[in-house]
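Down below is the structure, laid out as structure tokens.
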Amino acid sequence: MHIPTVVASGLVTLVTSGLGTAVVNYWLTERKAKRDLRRTKLEELFLAFSRWEKYLSAESITFHAVMVEKIDYNQALDIINNDREGKEPTFDTVEMLISLYFPEFKEPFQSVLKSRDRLNGIREMHKRAYKRGENDPSFAKEFSSELQKFGDAEKAFKDHIARLAADVTKWK
């Protein structure tokens, strides 16, 4: 009679041990899948943001050339339209990834957007003056200064992504 108790005890230990192992394996697999998804989405965000900021920077440099009278507005528009051909800025992708996966990036991204809006405001004021036949050199100076701030905000945002990516890859 003692042997069935030992067998039953052994079976209970075996089943419990197997169940515990299955739970731990499931938890580890789930954790790895979440980490891999997060890393993939971070990479996607970084690439989408890079494409968008390169497009915006190229456009800004083109309009700066108008402000310093190297080219006229029509030439700038031709350059920008030719540059856009077949390429779509990925702003929507950046916004979607931040909203769905990285709400902690909303604030740093807002800094980039505020700087972009200031650039667009200067550009719009210059455009109105340009249409009136005025081209005040202060537009170019102000625009150049804001373009530097825009670059700093972009770098800070990319650094934020890189720091999180480094943390994600450490989760092993």
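Here are some notes:
- Filtering 158, 114, 127, 149 for residues that are touching a residue at least 40 places away in the same chain (Cβ under 8 Å), within 27 Å of residue 101 (Cα to Cα) and not small (Gly, Ala, Ser) leaves a single hit, 158.
- Criterion: at negative phi, under 15 Å from the mean Cα position of the chain (by Cα) and free of Cβ contacts under 8 Å to residues at least 60 places away in the same chain - qualifying residue of 56, 42, 77, 47: 47
- Number of the exception - residue 122 against (1) within 30 Å of residue 42 (Cβ to Cβ); (2) touching a residue at least 12 places away in the same chain (Cβ under 8 Å): (1)
- Only one of 105, 91, 109 that is touching an Asp or Glu at 6+ places or on another chain (Cβ under 9 Å) and of a type in the set (Phe, Trp, Tyr): 109
- Residue count, the stretch 1-53 (criterion: at pLDDT 70 or above and within 28 Å of residue 160 (Cα to Cα)): 24
- In the stretch 55-92, the residues that are at pLDDT below 90 and of a type in the set (Lys, Arg): 84, 87
The values are calculated or read from the model by the stated rules, or taken from the named source; none is laboratory data. All figures in this text were calculated on a predicted structure; none of them were measured in a lab. Quick reminder, even Gly has a Cβ in these numbers, built from the backbone with ideal geometry, and neighbours come from all protein chains shown.
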